[in-house]
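Everything below concerns the one structure shown next.
The values are calculated or read from the model by the stated rules, or taken from the named source; none is laboratory data. Since the structure is predicted, the reported quantities are computational estimates derived from the model, not experimental observations. Cβ: placed from backbone, ideal geometry, glycine included. Neighbour counts: every protein chain shown.
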Amino acid sequence: MKRILAALLFTFSASYLDAQQTERPVFQNATRLQLGAGAVIYRFRGDEATQNFSNSKVRPALELAVEHKAWKFSIPVNPGNVAWNKNGPDTIINFSSSFVCTGLNVQWRILRDDRKLSPFIGAGYNMMFYNVNSDFRNSAGSEYHLWTDGSIRNLEELPQNVDDAVIIQRDYKYETRVVSNQNMTVYPLFAGLSGPLTDKIQLNVTYSLLFIQGDNLDNSVTTKGWDRMSSISVGLSWTIPPKRKYIYKQPDNAPIIDYNSVDFEAIDAQDEDDDGVPDLIDRCYGTPKGAPVNEFGCTTDSDGDGIPDFVDVQPDSPENVRVHNDGSAWSDEEYQKYTNDSLSYFVQMLRKVNKNSRPYPVKKYIPTTAYQHWNSILEAHPEWIKERLAKADPLPSEFKVFDTDKNGFLSISELENAVNRLFDGNSKTFDENLLRKAIEYAFRNQ
């Protein structure tokens, strides 16, 4: 047993030195759930029996714990066994008590830094559940009888049994139950050392004094006072990771900043573009000096044509119309000239098909709904369509599926409707290739 404890302590020391040399996160102010397992040995002193650590059997130990800051609350499950044997003047005295201690323990860690080796102290309220057995018979069922010559025989030491008594040996099976299903209160006081092996594994070495509130663990109440017990345990605790709050540790050579000299109010009030809106809430950096801005630091655009008011010569231009770079609306003549440019017609169609890849700068933004204005002009001037048709060949039959108004002209709204049907999966009469050819035809011929 001593060799096992020495090996565990050596492993702990080596791992602890490694933990000190490796930078690890500090789990300060974190609440963590832990599962622990280890080994425990007991020392017992009762009315008749005495069992030291050197002849105690190693037993497994389990623990479920919650750590918060420097405190640890745990539910231990520690089984154990105390055995004792004595040959009395006229009888054999022996017992083997098996027990389980469980309850609630509270532990306080002296050092707050979880990366370092730290002593701890604690106390608890436990219950001990136990049974006591004795070895009165061997495996053949023969009862033990101690004779004055020191031998153990199957018959009592009587004159008539001298010739028939046979010497037998004890089997130490403790087959006879003498105390069954009993329990008593135990108050543990403990101290020890704990430290990290890894970020999630912690090693604990604990010495406990167990104040037993009973006197029958050794099946004897011959003397006054309760039975006494102590234990030594070595275990590992695995931390179930929570949402951790990592605390950054500055290098030793990091400059020391005197935050008392920092004017935080001046930092909050900084306004790089001098538009009256602090940088902390300014959504549009670098607005021209003197330009009117809203509460978020962005230039205003009253008519929504994409031209800021401070350069817009027509701040109240009609809705959904095309405008010049100065914000003035196009005239009907400009629209007619624009439609006679087949290249412009094709670009307008592409802009509508792919809104996210417009081939013009944001400052020269042209509302995507301008095609609605163009369609309304076509409705007001049907002669424009006739003029365009007069210059073009008849509409090929393969493209008539797109000519929903049957006028022999592929308008923007008709091609847009075809694009939407294609994207929505409702294009059973045409495919992407046919639509591309129709757009190319409108570009080249209409």
*Write out, first by first residue and then by second, each pair whose Cβ atoms fall under 7 Å of each other, whose residues are 6+ apart or on separate chains, and whose first residue, in the stretch 405-423, is under 16 Å from LEU395 (Cα atoms) and in a helix (DSSP H, G or I) while the second is modelled with pLDDT under 80 and aliphatic (A, V, I, L, M).*
ILE412/MET349; LEU415/MET349; LEU415/ALA442
*Residues in the stretch 176-188: is at least one more than 52 Å from the chain's Cα centre (by Cα), free of Cβ contacts under 8 Å to residues at least 24 places away in the same chain, exposed (fewer than 14 other Cβ atoms within 10 Å of the Cβ) and part of a strand (DSSP E or B)?*
no
*asked:* Please go through the stretch 50-80 and give me each residue that is under 24 Å from ASN219 (Cβ atoms), touching a Lys or Arg at 6+ places or on another chain (Cβ under 8 Å) and at pLDDT below 90, ordered by number.
replied: GLN51, ASN52, PHE53, SER54, SER56
*Somewhere in the stretch 216-224, is a residue surrounded by 14 or more Cβ atoms within 10 Å (Cβ to Cβ) and modelled with pLDDT of 90 or more?*
no
*Would you check if GLY276 is under 30 Å from SER331 (Cα atoms), part of a loop (DSSP other than H, G, I, E, B) and not β-branched (Val, Ile, Thr)?*
no
_Residues of the stretch 14-47 that turn out to be modelled with pLDDT of 80 or more and either hydrophobic (A, V, I, L, M, F, W, C) or closer than 26 Å to LEU209 by Cα (or both), as a count_ = 14
